[in-house]
Amino acid sequence: MKCRCGKEAIIHLRPYRLSLCDSCFVDFYERKVRRFIRKWRLVEPGETVYVAVSGGKDSAACLAVLQQLSVELGIDVAAIHINLGITGYSEKVEDACRRLCRMLDIPLEVVNLVDAYGVGVEELARSTRRSACSVCGVVKRYLMNRVPRELGANRVATGHNLDDVVEFFFKNWTSGNYFWISKQKPLLPSTHPKVLPKIKPLFERSGLENEMYVKARGLPYEADECPHAVTSRWGEIAELVEERAPGFKLAFARGLEEIKIVAPEPQFTQCSVCGEPSSGDPCAFCRILRAAA
Ligand code: AMP
Ligand code: ZN
């Protein structure tokens, strides 16, 4: 496999019918992300964008590519990591985030759930009798909005990739969670003065592309999955379709970008415990904490 420049290729991009070497791939990737950010106006000059970093390849790629494009986009980039207190895992991923931000020279804010609230995600899951993943989702959504906002962020970026987007769609469509699907967009505008806009710059980039990008740039990340992660069959099904019809995921995501899915928006009220905007009182985060107290 040769790149168009003659060098040995490191990746073959089936949807684009393109084989690229490491340096041509880095150019290709950055060009695609730049174009995507401009197309959907994901950022405005003068803004501070906080990237939520998990320690994994996708958010590492998101942070690195946003920093790479930050001068021409006129933005400041910072990072936030939430240590969820998952035994044998959270230490490792926090360490990966610290190494990544040190290498890129990007300020990193680490929120430690156990230090700040006295309980980790596993304990919260036990006391609420909910799955670790659902509790974790509540905690991350809450802190990934509140902490960057308090630090002066204008937007929060996540590393959600093309594979996530397609899997998420099928999983939620087939279980009737249309509200969640309606939120599956490159840009989620603010719906409340205390809710930051959320952006997904890697909406059209596959997990493999993100992995190759961080590898080509020699950036550290943690490859191990969270011990509570459940693999969804919808991810596997989407992969089977992709094999039969290369480019399926990309075309699907582009459809999602264009169409408007209208689902009823919850009315905001203010949580009487923490003061954050929420659809219920207390908010989902405070309810979980209360159950563990
Ligand atoms: P996940 O919910 O694990 O699929 O992750 C989706 C995105 O959320 C990642 O790409 C990150 O941007 C962000 N994220 C996940 N876990 C964390 C974490 N512990 N701290 C900060 N951001 C995270
Ligand atoms: Zn609350």
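Let me make sure I get this right: for the chain, a, b and c are the square roots of the gyration tensor eigenvalues over alpha carbons, sorted descending. Under 1.5 in a/c it's rounded, otherwise prolate if a/b > b/c, else oblate. Which is it? Prolate, because a/c is 1.5 or more and a/b exceeds b/c. With the highest mean first, a sort of the peptides 102-115, 157-170 on other beta-carbon atoms found within 10 angstrom per residue produces 157-170, 102-115. Which percent, to the nearest 5, of DSSP beta bridges fully inside the range 29-267 are antiparallel? Expressed as a percentage, antiparallel bridges in the range 29-267 total about 10. Helix-only arithmetic for the chain: the sum of -39500 (n - 2.57) across DSSP H runs with n ≥ 4, divided by the residue total, places the mean residue ellipticity at 222 nm at -15000 deg cm²/dmol.
In terms of the mean number of neighbouring beta-carbon atoms within 10 Å, the peptides 257-268, 237-248 order highest first as 237-248, 257-268. Residues whose amide H comes within less than 5 Å of that of ILE80, counting only those at least five positions distant or on another chain, are VAL51, ALA52, VAL53, GLU109 (H built at 1.01 Å from N in the peptide plane).
Distance between the C-alpha centres of the range 197-234 and the range 3-77: 13 Å, rounded to the whole angstrom.
Each reported figure results from applying straightforward, stated rules to the coordinates on display, with no laboratory input. Note that the structure is predicted; figures quoted are calculated from it, not measured. For neighbour counting, all protein chains shown are included, and Cβ atoms are generated from backbone atoms with ideal geometry for every residue, glycine included.
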